[in-house]
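Asks: Sharing a structure, written as structure tokens. Questions coming.
The values are calculated or read from the model by the stated rules, or taken from the named source; none is laboratory data. The model shown is predicted, which means the values in this text are computed figures rather than measured ones. No Cβ is skipped: glycine too gets one built from the backbone with ideal geometry, and neighbour counts run over all protein chains shown. Note: accessible area is taken over every heavy atom of the protein model, side chains too, but ligands, DNA and RNA are not part of it. Shrake-Rupley method; radii C 1.70, N 1.55, O 1.52, S 1.80 Å.
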Amino acid sequence: MPEDTAELEARLEEQDAFEPPESFVEQANVSDESIYEEFEQNWPQCWEQAADLLDWDAEYDTVLDDSNPPFYEWFTGGELNASANCLDRHLDERGDEAAIEWVGEPVDEENRTYTYEELHREVNEFAAALRDMGVGEDDVVTMYMPMIPELPVAMLACARIGAPHSVVFAGFSADALATRMNAADSQFLVTCDGYYRRGDPLDHLSKANEGLGGVEHDVEATVVVERLREGDDHGHDLADGQHAYADLVADHEGEEVEPVSRDAEDMLFLMYTSGTTGKPKGVKHTTGGYLAWTAWTSQAVLDVKPDDTYFCSADIGWITGHSYIVYGPLALGTTSMMYEGTPDHPDRDRLWEIVDEYDATQLYTAPTAIRAFMKWGTEYPERHDLSSLRLLGTVGEPINPRAWKWYYKHIGNEDCPIVDTWWQTETGGMMVTTLPGVKTMKPGSAGPPLPGVDARVVDTEGNEVAAGDAGYLTVNKPWPGMLRTLYKNDERFIDEYWAEYSDTESDDMDDWVYFPEDGAKIDDNGYITVLGRVDDVLNVSGHRLGTMEIESAIVGVEGVAEAAVVGGSHEVTGEAVYAYVITEEGYDEDEEMRERIVEGVDSAIGPIARPEEVIFTPELPKTRSGKIMRRLLEDIANDEELGDTSTLRNPDVVSDIQQKVSGD
Ligand code: WT7
């Protein structure tokens, strides 16, 4: 361990609370603690403050319509367009300022700057092209794209014409694309030929085409962005009904499309996320509430100001990129950075090089990345001047105090507050975190709920637990950014998020409680430490994966009889996928089988879900009623003392499996 780190640890180890730096507080967008009290007194009218950050075509009549919980409606009667809010209204004052600074992965390549003017122009041209291809209001357009600027262009073009988008993470497999297009009955796809990963061009269109092959309805049109350079080996001939993006935009050069006035409650987008069943959930977000929520939290928590160069390193294929690369920052008229590649290409200082070169003012990233940086060592950030940074953020999983302190010292130089933001795909934006100009920070604890957010930690009965005790996180009042339902599945929406703690017969808002399925504890000051999922959902590198989805992928592999997937703890990724597998008679438990299992997961979901360990076992530990005891498998994966095995039908199997795990 370098001396510097040792000293730091000695000094910081004891410290469990940090005050926001004075220099930050002086300039913070929110620096007055009274906001908590004010929002509580004035709830739900307090959320006018968020709506006021937007331009409305028609003023809303009511802040919250709670007449039919949990189908809440926000800013009802209001009309607006998200694309106009992110672009048009900034043109006068900020037309020549950068909206997006895009950094491609290859270092020798020209990076691209889109001013608001330029982004507005291209969004209009592409919106005109989409319309021409027959995309109408409320038609779901799927995007299967990596981190290239055409992705936010396509999202904003859809928003402009009132067509909801459904972005599928580019790392997902062809099957995953087909499943999502089928579920959304989506007839349009925007994708690309390929992109770069660690220096190599990666074919993407073959995967997209394979996915299209699994779509059960007619697909009207596919647009292909040609991202790869001439000479790269992945040239493609486009099929019938497939259009090259550049041609479309050129054909519509200079065209303007009047932004469609959308009802506040009209769908802005769908985002599929993993749940406890094998079927991903289509989370529906709306135009008014979502945009107000992401704009307000970007301002209050990320302290975004128009002159900032704000850098979120997430992928737009996940909710973090939707809310905090695209909608929140652009609604506020700031410069949002986008980086195509991985943080270790060509070297492990790529992110720091970008921060340095662009004078990034905020960095919002995931604990898994921070733990990797920590492992790589301080020499990489030390190569660069990071003094432009004013605020740091984390999201996606709990951050351990050691990683927090490393981030604070080696990236923030002890000058930047850190916001540890708890939220979910479903919440649309941040829910539990400190206001950086107001609150003391406690490493490892996300912080108090944001003003106006009623998050609590409760026991199984719904009663608040005592400080220090573990319980379940709940949100006891609605908020503007909340999901409105699961696409075409109101019943599952209620089952998954509300049934646990609500009186589902009641139409009184106070009887309805949102359950995010996270465990948590709370301290004397109301700071919430999120402990992790309490359902069968894993969090690998901040990505949500359903164990059921992975299990069904594995069971689909020839020769597999049964599989159970659990999360084992992992130094960098937080959790890692552990797969316990029973093979069918006549199949060897060998390396070839292991490889086929990994391939099966790759092709059903994508490499992000790849098992870290495949453990062959003759049996799985089951209760007398036949339920797999996952907790035991988790204990084994984590090499922890085993929980109660007395209710097992087959207690002997446990030691067999243990031997296999430690024996390998
Ligand atoms: C789950 C949501 C939020 C966007 C990225 C992930 C976990 C998220 C934190 C945090 C502890 C966190 C929770 C949550 N999570 N942020 N700051 N501390 N855990 O979105 O895929 O919808 O996953 O991520 O378990 O339920 P997601």
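Asks: Take ASP132 and decide whether it is modelled with pLDDT of 95 or more, at positive phi and either touching a Ser or Thr at 6+ places or on another chain (Cβ under 6 Å) or open to solvent by 10 Å² or more (accessible area, probe 1.4 Å) (or both).
Replies: In short, no.
Asks: Could you name every one of the strands (runs of 3 or more DSSP E) located completely within the stretch 325-438 that has at least 3 residues being within 11 Å of the ligand (Cβ to nearest atom) and either in contact with a Gly (Cβ under 8 Å, 6 or more places away or on another chain) or of a type outside the set (A, V, I, L, M) (or both)?
Replies: 391-395, 418-421
Asks: Right, something else. Could you pull out the residue among ASP307, ASP315 that is away from the ligand (no atom under 13 Å from the Cβ), of a type outside the set (A, V, I, L, M, F, W, C) and either touching a residue at least 12 places away in the same chain (Cβ under 8 Å) or in contact with a strand residue (DSSP E or B) (Cβ under 9 Å, 6 or more places away or on another chain) (or both)?
Replies: ASP307
Asks: Has the stretch 603-610 got any residue that is over 31 Å from the mean Cα position of the chain (by Cα), more than 19 Å from SER655 (Cβ to Cβ), more than 16 Å from the ligand (Cβ to nearest atom) and in contact (Cβ under 8 Å) with a residue 12 or more places away in the chain?
Replies: The answer is no, given that none of the residues of the stretch 603-610 is over 31 Å from the mean Cα position of the chain (by Cα), more than 19 Å from SER655 (Cβ to Cβ), more than 16 Å from the ligand (Cβ to nearest atom) and in contact (Cβ under 8 Å) with a residue 12 or more places away in the chain.
Asks: Would you mind finding the one in VAL530, VAL534 that is within 23 Å of GLU461 (Cα to Cα), open to solvent by 30 Å² or more (accessible area, probe 1.4 Å) and either of a type in the set (S, T, N, Q) or within 13 Å of the ligand (Cβ to nearest atom) (or both)?
Replies: Testing whether each residue is within 23 Å of GLU461 (Cα to Cα), open to solvent by 30 Å² or more (accessible area, probe 1.4 Å) and either of a type in the set (S, T, N, Q) or within 13 Å of the ligand (Cβ to nearest atom) (or both) leaves just VAL534.
Asks: Go through the stretch 309-324 and report how many residues are assigned to a loop (DSSP other than H, G, I, E, B) and open to solvent by less than 10 Å² (accessible area, probe 1.4 Å).
Replies: 2
Asks: Check the stretch 606-625 and report whether any residue there is under 28 Å from LEU177 (Cβ atoms), in a loop (DSSP other than H, G, I, E, B) and open to solvent by less than 10 Å² (accessible area, probe 1.4 Å).
Replies: Yes: the stretch 606-625 contains one or more residues that are under 28 Å from LEU177 (Cβ atoms), in a loop (DSSP other than H, G, I, E, B) and open to solvent by less than 10 Å² (accessible area, probe 1.4 Å).
Asks: Is it the case that VAL557 is at pLDDT 90 or above, hydrophobic (A, V, I, L, M, F, W, C), closer than 26 Å to ALA208 by Cα and in a loop (DSSP other than H, G, I, E, B)?
Replies: Taking the combined requirement at face value, the residue satisfies it.
Asks: Let me ask something additional. Would you kindly identify the helices (runs of 4 or more DSSP H) lying entirely within the stretch 170-257 that contain at least 1 residues that are surrounded by 20 or more Cβ atoms within 10 Å (Cβ to Cβ) and small (Gly, Ala, Ser)?
Replies: Result: 174-184, 205-213.
Asks: Hey, another quick one. Which one of GLN242, GLN299 is more than 24 Å from the chain's Cα centre (by Cα), away from the ligand (no atom under 16 Å from the Cβ) and on the phi < 0 side of the Ramachandran plot?
Replies: Just a single option satisfies the conditions, and that option is GLN242.
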